[in-house]
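Here, each number is a calculation from the coordinates, and none is a lab measurement. These numbers were taken from a predicted model, which means no experiment stands behind them. Cβ coordinates were reconstructed from backbone atoms using ideal geometry, including for glycine residues, and neighbour counts include every protein chain displayed.
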Amino acid sequence: MVKIAIIIGSTRPGRNGEQVAKWVLEHAQKRTDAQFELVDIRDYNLPLLDEPVPPAFHQYTQEHTKKWAEKVSQFDGYIFVTPEYNHATSGALKNALDYLYAEWNNKAAGLVAYGSAGGARAVENLRLILGELQIADVRTAVHLSLFTDFENFSVFKPAPNHLETMKTMLDQLVSWSKALKTVRG
């Protein structure tokens with residue numbers, strides 16, 4: 001069975017991402033074809049790229065990097081829950097992605113975004129980053145609007161139609177995670 005991390009992509013106080021990630025986990029755990037785990041980048045206290053050697057060389061010196069690498073390497077796929085900040089993903093998620101390289105390679109990802117335009121620009125930004133890390137992102141993404149899926153921009157109340165989109169994304173993600181597991185052999 002494949003293991004998939006649901007990664008909360010914001011470290012901001014009062015962030016909406018935790019509510020969204022828990023919603024994704026609640027529905028994903030109803031499946032029997034994969035295991036899902038919530039992973040919060042805030043728990044890893046990753047400063048801005050403090051490793052002296054690029055991650056492609058896999059020569060980690062910092063304890064927080066080693067902990068992060070150990071966690072990320074446990075999974076066959078990822079769901080990145082990202083806010084849209086200034087037409088992109090969060091700096092915290094970008095930093096967490098940039099810390100590692102081999103741990104991400106030949107794995108699959110699904111995307112769940114929220115923002116004023118449904119996080120669409122954050123999703124497009126992430127697709128470019130994920131491609132460079134050799135993460136195969138699935139086509140279907142869940143786009144949540146701060147205007148219609150959050151009360152007062154802070155209490156998460158998703159429209160029912162998002163469940164069907166999430167199911168499609170999860171179907172694609174589990175399938176790709178299984179396929180890429182054979183590539184990693």
**Report entry** Test: residue in segment 21-32 that is farther than 17 Å from residue 111 by Cα and buried (at least 17 other Cβ atoms within 10 Å of the Cβ)
**Finding:** no
Query raised in the report: Hey, does segment 154-171 have a residue that's of a type outside the set (S, T, N, Q), in a strand (DSSP E or B) and crowded, with 16+ Cβ neighbours inside 10 Å?
Result: yes
Query raised in the report: Name the pairs whose Cβ atoms lie under 8 Å apart, with the first residue in segment 49-62 and free of Cβ contacts under 8 Å to residues at least 40 places away in the same chain and more than 10 Å from residue 100 (Cβ to Cβ), the second among the hydrophobic types (A, V, I, L, M, F, W, C) and assigned to a loop (DSSP other than H, G, I, E, B), and 6 or more positions between them or separate chains?
Result: 59/53; 61/53
Query raised in the report: Just to be sure, is residue 134 touching a residue at least 40 places away in the same chain (Cβ under 8 Å) and within 20 Å of residue 78 (Cβ to Cβ)?
Result: no
Query - Condition met for residue 25 (in contact (Cβ under 8 Å) with a residue 12 or more places away in the chain and outside any loop (DSSP other than H, G, I, E, B)) - result: yes
